Amino acid sequence: MPFAESTVEEAALAWLAGIGWRIAHGPDIAPDALTPERRDYGEVVLEGRLRSALSRLNPALPPEALDDAFRKLTRPEGADLIARNRAVHRLFVDGVTVEYRSGDGHIRGAQARVLDFDVAARNDWLAVNQFTVVENRHTRRPDVVLFLNGIPLAVLELKNRILRKHGYPPDKQEKATQTVRQQAELLSSEWALA
């Protein structure tokens with residue numbers, strides 16, 4: 001008897017929970033939920049989690065420096081996906097270069113850490129199932145999105161091969177939203193090589 005997709009999804013979430021990931025159900029953190037973690041369905045970065053991580057990892061930096069780091073992380077520079085990927089990879093590895101005005105009025109520079117590479121438990125690891133994203137009037141709902149400090153790092157599509165055999169449309173099987181996929185690609189491919 002073949003496994004239902006929901007069975008595979010539940011097993012994946014249980015495995016992730018077993019290795020320390022927090023688990024959330026997409027509708028529970030959606031914009032119209034009681035405890036939303038984003039303002040609209042077009043947002044893929046969990047702003048509160050990213051801002052919290054930046055504050056936790058950079059306690060000596062003032063709010064304006066943390067805002068600068070947030071902006072640079074959520075709007076990476078680069079002409080194409082590969083360039084943006086490299087830029088975000090550098091931000092993850094090296095930190096985000098920020099400037100702020102110190103108490104004495106001077107402009108200071110610093111590196112805002114995005115991840116804690118020394119103690120993994122200091123990062124916010126979140127797996128969200130059924131994370132709905134609306135992009136260009138198309139609604140997509142990847143099976144599981146993995147967030148690291150509020151930034152989508154990977155998309156898991158847990159599909160039953162039997163569906164393809166019986167004519168289930170490939171775009172419904174394999175097409176996670178391009179927004180989430182691009183963000184995950186920006187953050188993961190080169191980082192995995194580091």
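Read-outs throughout are calculated quantities, based only on the coordinates presented, and are distinct from any laboratory measurement. Since the model is a prediction, treat every value here as computed from it, not as a measurement. FYI the Cβ positions are ideal-geometry reconstructions off the backbone, even for glycines, and counts take in every protein chain you see.
How large is ³J(HN,Hα), in whole Hz, for each residue of the stretch 76-85 in order, when computed from phi with the Karplus curve 6.51 cos²θ - 1.76 cosθ + 1.60 and θ = phi - 60°, using x for Gly and Pro?
x, 7, x, 6, 9, 4, 5, 5, 5, 4
Translational diffusion coefficient, Stokes-Einstein: compute it for the stretch 34-162 using the Kirkwood radius over C-alpha pairs as Rh, at 10 °C and 1.306 mPa s, and state it as an integer in µm² s⁻¹. Please report the intermediate quantities before stating the final value.
On the way: Rh = 16.2 Å.
The estimated diffusion coefficient comes to 98 µm²/s.
Tell me, what HN-Hα J-couplings in whole Hz come from the Karplus equation 6.51 cos²θ - 1.76 cosθ + 1.60 at θ = phi - 60° for each residue of the stretch 91-97, using x for Gly and Pro?
Working through the residues one at a time gives 5, 5, 7, 8, x, 9, 6 Hz.
Near the amide H of D124, under 5 Å away, which other amide H atoms are found, from residues 5 or more places off or on another chain, if H is placed in the peptide plane?
Under 5 Å from the amide H of D124: N149.
Work out the FRET efficiency for D94 and E5 from their Cβ-Cβ distance, taking R0 = 45 Å, and round it to the nearest 0.05. Each step should come with its number before you reach the end.
Values: r = 39 Å, r/R0 = 0.87.
So, using R0 = 45 Å, E works out to roughly 0.70.
Within the stretch 1-80, list the GluC sites (Glu not before Pro) lying in a DSSP loop whose Cβ has at most 13 other Cβ atoms in a 10 Å radius.
On the way: sites: E5, E9, E10, E37, E43, E47, E64, E77; in loops: E37, E43, E77.
Answer by residue number: E77.
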